[in-house]
Every structure is written in C-alpha cells, then in structure tokens.
1. Using the Cα atoms of region 34-84 to build a convex hull, what is its mean projected area in square nanometres?
2. With an 8 Å cut-off on Cα pairs and a minimum separation of 6 or more residues, tell me the relative contact order of region 60-102 in percent.
3. Under 8 Å for C-alpha pairs, at least 6 residues apart: give me the relative contact order for region 32-95, rounded to a whole percent.
4. Against the longest principal axis of the chain, how steep is helix 113-126, in degrees 0 to 90 to the nearest 10, with axes from Cα atoms?
5. Just round it to a whole percent: the fraction of Cα-Cα distances in the chain exceeding 24 Å.
6. Using alpha-carbon positions, what is the distance between the centroids of region 21-71 and region 82-149, in Å?
7. Let me check against my output: what whole-number percent is the relative contact order of the chain, with C-alpha pairs under 8 Å and at least 6 apart?
8. Just how large is the dipole of the chain about the Cα centre, in debye to the nearest 20, putting +1 at every Lys and Arg Cβ and -1 at every Asp and Glu Cβ?
Amino acid sequence: MALKKYTASSELIEGLKVRATARDFSIVLDEPEEQGGSNTGMNPIELALCSVCACQTITTAIFSDFYGIPVDDIRVEADGEMDPEGFSGMNPDVRPGLQNMRFRFIIKSKAPRVQIEELIKAVERMCPVGDSFRQGVKLEPPELVLKAE
C-alpha cells in the first residue's frame, strides 16, 4: 500500500511568533516572554505534547468504538522534560529535544478496568504520533531555497 503524505508549513510573523499551517487550518506558536517571545501561543514543544495527547485521545475513541467498549469521556495529559543546555549549545553532550514524556489517561467508562487497560495498550501500539516519537522518524536533510531580496 502506498504511503499517505501529510504536509505542513510555518512562517515567521514577527519576533518568535510563527504561523503553522496544514490543509485549511493554522495555529500561532510563540515562546513565553522569559524565552524571548511575546507569549501569544504555545511553543513547539508544547504543541508536540498536545499532538501526542490528541492522537492518543482520537485513537482511544476509534478503538473503543471498534472493540465495543463504552467510553463516556476521554482526557489525556502529558508532560515532558528537556534540558535547556542542549538547545542553547552550552552542553554539547545534552540532546536539544525532549528527553522523556509521561502520559495520564483519564477515562470515564462503565467497562471493567482490565478492559480499559487492554484498550490503552492497543492505543499505545497504534497511535501514529506516539509511534513516531517512540520509534523515531528519519529526518531527511533539508532542501534550502534562497529567495532573492
């Protein structure tokens, strides 16, 4: 089966404020003021956490329906940690990105706990964004396009 291609783009608006776009949708990202931004949106790391949470929530909804598990409410919370010394280059031995992520599923359901636990195991296996983080994604070298002034 052919791979499904997804596309997205981003453009600098001003300062550190960025507009990211995919299909007909866009979101503004920014950094907190203490990190040089104007605090008008979440930063890319927060969006990455949101992306995994959203994908796990959607995957839970799809699989609970598929397996006939009654679920009244789904909430996924995440946190992750990164070392600023990696991003700043102050410590070349430290990765610049997230070093770990933790998740909490808050689910309202009349199903037995063991059934919900099995559902969450399926979500962990099948969530595309979670898999992308867990397995890693090959990042191809960027193509550079210089615009004439």
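The values are calculated or read from the model by the stated rules, or taken from the named source; none is laboratory data. Since this is a predicted model, take the numbers as computed values, not measurements. Cβ placement follows ideal geometry from the backbone for every residue including glycine, while neighbour counts extend to all protein chains displayed. Keep in mind that these areas ignore ligands, DNA and RNA; they rest on the heavy atoms of the full protein, side chains included. Shrake-Rupley method; radii C 1.70, N 1.55, O 1.52, S 1.80 Å.
1. 4.8 nm²
2. Working: 45 pairs, mean separation 13.8, N = 43.
This gives 32 percent for region 60-102.
3. Working: 33 pairs, mean separation 14.3, N = 64.
So the answer I get is 22 percent.
4. 40 degrees
5. 49 percent
6. Rounded to whole Å, the Cα centres lie 11 Å apart.
7. On the way: 193 pairs, mean separation 23.4, N = 149.
Computed over the chain, the figure is 16 percent.
8. Details: 17 positive and 24 negative charges, 168 e Å.
The calculated dipole for the chain is roughly 800 debye.
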